[in-house]
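Laboratory data are not the source of any read-out in this text; all were calculated from the coordinates shown. Here the structure is a predicted model, which is why all the values come from computation and not from measurement. Every residue, glycine among them, receives a Cβ derived from its backbone with ideal geometry; neighbour counts consider all protein chains shown.
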Amino acid sequence: MSWPSPRTRVALRVAAAVIGGYAWTASWVALLAALLPAAGMARSDAVVLAAMLGFVIYLLVLLWGFSMRSLARLWAVLAGGTVLPLLVLWLMR
Amino acid sequence: MREVLLLLSACVLMFLGFAWLALSQQRHAERVAASNRSRALASRAQRAIGLVAITLGLPCCMASQGGSFGSLLWAMLLPACAMAVAFTLTWRAHWLRPLARAAEKAFSRSASASASFSPFER
Amino acid sequence: MEPTFRKSMACLHTWAGVVIGSLLFVIFWMGTLSVFDREIDRWMTPSTRLPAAVAQQRFSFDAAARAAQPLVQGSPQWFVRPPSQRVPAVELRWRSESTKAFERRYLHPQTGALLEHTDTLAGTGFIFPFHFGLHIKWKNVGYWLAGLAGMAMMVLVVSGVVIHRKIFIDFFLFRPKKQLQRASLDLHNLTGVLALPFHFMIALSGLVIFMNIYWPSAMHGPYAREAKPEDAFFAEAYGSYKRAKAGAPAATASASLDAMASTARREWNGGEPFFVRVWHPGDANSYVEMRRSYENAVTMNVDTLSFDATTGAVLSWHTAAPVMGVQRFISGLHFIQFRHWTLRWLYFAAGLAGCVMIGTGFLFWLEARRTSHAKKGLPGVRMVEALTVFSVPGIIAATLVFFSVNRLLPLDAALAGYDRSELEVWAFYLFWLAALAHAALRGRRAWHEQTWAVAALAVTAVVLNWITTGQHLGHTLGHGLWAVAGMDLLLLVGAGVAALSARHLTRKARTFQTGIAQDPQFPAPAQPGNKASHA
């Protein structure tokens, strides 16, 4: 692929990993925080646990985002993975 | 007083443990002995002893300062002692000569015996 | 991204390091200083340099409240901290009705007299908040930048391990006599690998402290049905009890704070109240919030008791829930508010190691690319070099200027509408900006020039302390003023280290410029494309 230019590719990569990765993680953190109380945890504890795990998950997503070969697949997985938990949350309500 | 002695013992044990580990590496053993004599070190036993000494620092710290402070203290002493060894090797390598001699006496082998694939050695 | 995972991580480590490194150093530097923020406070507010024995006397909250009355009149809230080993005076703070900002004064622990006020932000007010918020309050951008740096730190640590192939072989290796590129890489690897668990833990724990800011999405699920989700969460997790004021004055005089403190000690099995806040003083709904000391544990507890101000009845009792307890332990690993001097010094040393790690990372990158960028006419090295000098020796020098100006300004200093504490901060930023200009103009020479400036400024600060307070090292060591003695000693040691580094950098720069290997230990200067083998 000659398009997009290398500089654009780098920008898209960084945006994917940093911003896309954050959105993806935040989405799953929200779902986790909503599901844990159903398992018996106090809701304040659920929020705390989900948030703490969020940092570790985001770290892994960043490392993965910067090493995955295909930029297109990266965006697809991030977009899909961000929407899915939000969908579940919306259905739960 | 007991706390201070236990803490000092931990520091000494950990320093010696890291020094022992360093001396099991060709480059550092040569520098300390200030000679290029080839020596077959690659001693797993030597490294095991080094690691044990470092680990023994943990119960000393915990006995000195209690459970949570003790383990945190040990965790923070690890980089401090390791760096102390590294800087000793850099600037005052001859201070470790007695230790190197002891290591040689305890773990000397014939030159052909070092067939180790451990990650510590090339 | 790259053909192999390792190559991707190499690319990531280099780029993240170069782009975020400056921000990281600033945060690490201010964080390392924050280990001794209260000691810096003592140095910058000479009237609070009281000997330790004074702090150990029995303290009465009621006496402190009486002494505070003339100052806190009309304030919606005020709080007091009893004297401690690190802060030997009584710290009083209140929200000013007019400015809505918090005022701080110190009282003598025995007489309750107001100690001479030095209007300064000092360590706890400038250095420490710089560390976690960069003093950029607009839309929490400062917190987000610090958060980005924290995540980047963890990414850098992991990627650094992945690309460091000879991690065990190089474990104890440091060759300062080699050319700067190799020596920097050795030291970068040494400080990085040996303190690896610390670097990872300090980054993660720092992020965990502000989990609410970074993951706002977490709160809205379980608390969706609350009118105010955030308030509900904070009440349940942190025990923040709130009661609106009645608007009517209190019927009787307020109950004894000391009696409440005794109740607190009983409830906490001997734990001491270290923080007492009175909300809506004089109002019928006034209440007293007491928090428990952090001195004896790693965990920063959230044990809180709230009492009705008039009757002394317990209104609210809170302790951390199990998972929150873990968060408080992790926070405690970062905040280190416990009383343990060996650990405090070890944290300080590890913080300095982190600063060295970031600085040497930059030095390595610059040396490795210097010749190739010069040949290709690329601006990269020049730009990064200016930024690096600005963020490494530059900010250190600016901090020393902050200390020196604190000693120089008269107590009632004010200029162009800025009060004394603001003038100190202006001096810091103006000098820092000048350092940037100097670095941009002087190029490579700026490194050792600014490092010499650091050495000179550190000595200047010590001398200024002597001149303005008369409490030189002999006096402070002799009278047990350990905070001031420690600061003066560290300044002098820092000056020595800076001088040695500056000399080392000067020598290396000269050798490079002559282009001849003067020292037989030096191999030929790095050829373009010949990256030092760390991968």
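What list of ³J(HN,Hα) couplings, whole Hz, do you get for region B:2-17 from phi and the Karplus terms 6.51, -1.76, 1.60, once you set θ to phi - 60° and write x for glycine and proline?
Once rounded to whole Hz, the list reads 4, 4, 5, 5, 4, 5, 4, 4, 4, 4, 5, 4, 6, 4, 4, x.
From the phi of every residue in region B:49-65, what ³J(HN,Hα) in whole Hz does the Karplus formula 6.51 cos²θ - 1.76 cosθ + 1.60 yield, where θ is phi - 60° and glycine or proline is x?
Whole-Hz 3J(HN,Hα) from phi for region B:49-65: 4, x, 5, 5, 4, 4, 5, 5, x, 5, x, 5, 5, 5, 5, 7, 10.
Considering amide H positions built from the backbone, and no H for Pro or chain starts, which residues 5 or more places from C:Phe275, or on another chain, come under 5 Å of its amide H?
Close amide H contacts, sequence-distant or interchain: C:Arg291.
Tilt of helix C:420-442 relative to the longest C-alpha principal axis of chain C, in degrees (0 to 90, nearest 10)?
10 degrees
Just going by the charge dipole of the protein assembly as shown, with Lys and Arg at +1 and Asp and Glu at -1 on Cβ, which of A:Ala33, A:Val47, C:Leu190 is farthest out on the positive end?
In the protein assembly as shown, that residue is C:Leu190.
Would you work out which of C:Ala253, C:Phe329, C:Ala498 lies farthest towards the positive end of the dipole of the protein assembly as shown, given +1 charges on the beta-carbon of Lys and Arg and -1 on that of Asp and Glu, about the Cα centre?
C:Ala498
Name the residue from C:Leu71, A:Val56, A:Leu12 whose Cα lies farthest towards the positive end of the charge dipole of the protein assembly as shown, charges +1 on Cβ of Lys and Arg and -1 on Cβ of Asp and Glu.
The listed residue farthest towards the positive side: A:Leu12.
In debye, nearest 20: dipole of chain C around its Cα centre with unit charges on the Cβ of K, R (+) and D, E (-)?
1920 debye
Compute and list, largest first, the equivalent-ellipsoid semi-axes of the protein assembly as shown from the alpha carbon gyration tensor, each √(5λ) rounded to a whole angstrom. Let's see the in-between values first.
Working: eigenvalues 413, 218, 166 Å².
The answer is 45, 33, 29 Å, longest axis first.
Size of chain C along its principal axes in angstrom, Cα-based, largest extent first?
Each principal axis gives a Cα extent; for chain C these are 87, 58, 42 Å.
Using +1 on the beta carbon of Lys and Arg, -1 on that of Asp and Glu, and nothing else charged, what's the dipole of the protein assembly as shown about the Cα centre, debye to 20? Walk me through the numbers on the way to the answer.
On the way: 70 positive and 38 negative charges, 652 e Å.
It comes to approximately 3140 debye.
As a test of understanding, state the convex hull volume per residue of region C:89-194 from its alpha carbons, in Å³.
202 Å³
Over region C:11-75, what lengths in whole Å, largest first, do the semi-axes of the equivalent ellipsoid take, defined as the square roots of 5 times the eigenvalues of the alpha-carbon gyration tensor?
The answer is 43, 17, 10 Å, longest axis first.
Between A:Ala51, A:Ala17, A:Ala42, find the one with the highest GNM mean-square fluctuation for chain A; connect C-alpha pairs within less than 10 Å.
Sorting by GNM fluctuation, first place goes to A:Ala42.
Enter the mean projected area of the convex hull around the alpha-carbon atoms of region C:288-357, in nm², rounded to one decimal. Intermediate results must be reported in sequence, preceding the final value.
Details: hull surface 24.1 nm².
Across all orientations, region C:288-357 yields a mean hull projection of 6.0 nm².
Calculate one ³J(HN,Hα) per residue across region C:25-38 by plugging θ = phi - 60° into the Karplus curve 6.51 cos²θ - 1.76 cosθ + 1.60, and present them in order as whole Hz with x for glycine and proline.
These are the phi-based 3J(HN,Hα) values: 5, 4, 5, 5, 5, 5, x, 4, 5, 5, 4, 10, 4, 6 Hz.
Take the alpha carbon atoms of region C:99-169, find their center, do the same for region C:423-463, and report the distance between the two centers in whole angstrom.
21 Å
For region C:1-138, what log10 I(q)/I(0) values come out of the Debye formula at q = 0.17 1/Å, with one point per alpha carbon and no solvent?
The Cα Debye sum returns log10 ratios of -0.97.
Based on Cα positions only, what radius of gyration and what Dmax would you give for region A:6-92, in angstroms?
Cα-based Rg and Dmax for region A:6-92 come out at 14.4, 50 Å.
Can you tell me the FRET efficiency between C:Ala313 and C:Leu408 if r is taken as the Cβ-Cβ distance and R0 is 45 Å, rounded to the nearest 0.05?
Calculated value: 0.30.
Using the structure shown, select from B:Lys105/C:Lys178; C:Lys376/C:Lys508; C:Lys7/C:Lys139; C:Lys100/C:Lys139; C:Lys137/C:Lys228 the pairs with a Cα to Cα distance greater than 26 angstrom.
Too far apart for the 26 Å limit: B:Lys105/C:Lys178; C:Lys7/C:Lys139.
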